[in-house]
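**Q** Here you go, one structure.
The values are calculated or read from the model by the stated rules, or taken from the named source; none is laboratory data. Treat the numbers as computed from the prediction; the structure is a model and nothing was measured. Positions of Cβ are generated from backbone atoms using ideal geometry, with glycine treated the same way; all protein chains shown enter the neighbour counts. Heavy atoms of the whole protein, side chains included, go into the accessibility calculation; ligands, DNA and RNA do not. Shrake-Rupley method; radii C 1.70, N 1.55, O 1.52, S 1.80 Å.
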Amino acid sequence: MNNIRSGYYLKPRWIHEIPLPPCAREIYDYFLSEANFEDRISSGKTIKRGQCVRTYTDIQKALSWNQGYRKKYYTRHQTENAM
């Protein structure tokens, strides 16, 4: 039996049926993949299972993509509206 060391998460199929902008769908997937699977201590605070702490800048950097030779980002406005 293979061991999935980095863990896994389940995502409902209905998420693709909801008319969400691509930015919101990507942020949803990002949070699912980044949420803690066990309690952790970060900067002296306990981050519980299922939680994650990210800034808007962290989200923008994590969801960037390359278009030709340039790196593209969602704008702060797009990120805030998706949240």
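**Q** Which value in deg cm²/dmol, rounded to the nearest 500, describes the helix-derived mean residue ellipticity at 222 nm for the chain, given -39,500 (n - 2.57) per DSSP H run of n ≥ 4 and division by the residue count?
**A** That comes out to -9000 deg cm²/dmol.
**Q** Rounding to the nearest 10 and keeping the result within 0 to 90°, find how far the Cα-based axis of helix 22-34 lies from the longest principal axis of the chain.
**A** 20
**Q** Continuing with this model, one more query. Which value, in Å² and to the nearest 10, is the accessible area of ILE4 when all protein chains are kept and the probe is 1.4 Å?
**A** 100
**Q** Right, something else. Pairwise over distinct Cα atoms, reciprocal of the mean inverse distance: report the Kirkwood radius of the chain in Å, one decimal place.
**A** Averaging 1/r across every pair of different Cα atoms and inverting gives 14.8 Å.
**Q** With N set to the number of residues, divide the alpha-carbon radius of gyration of segment 37-83 by 2.2 N^0.38 Å and report two decimals.
**A** Output field value: 1.50.
**Q** So how many Lys-Lys pairs in the chain land under 29 Å Cα to Cα, not counting same-chain pairs under 8 apart?
**A** Close lysine pairs under the 29 Å cut-off: 9.
**Q** On a C-alpha basis, how far is the centre of segment 8-26 from the centre of segment 27-83 in Å? Whole number, if you could?
**A** 15
**Q** Another one. With +1 on each Lys and Arg Cβ and -1 on each Asp and Glu Cβ, and nothing else charged, work out how big the dipole of the chain is about its Cα centre, in Debye to the nearest 20.
**A** Charge dipole, the chain, about its Cα centre: 220 debye, nearest 20.
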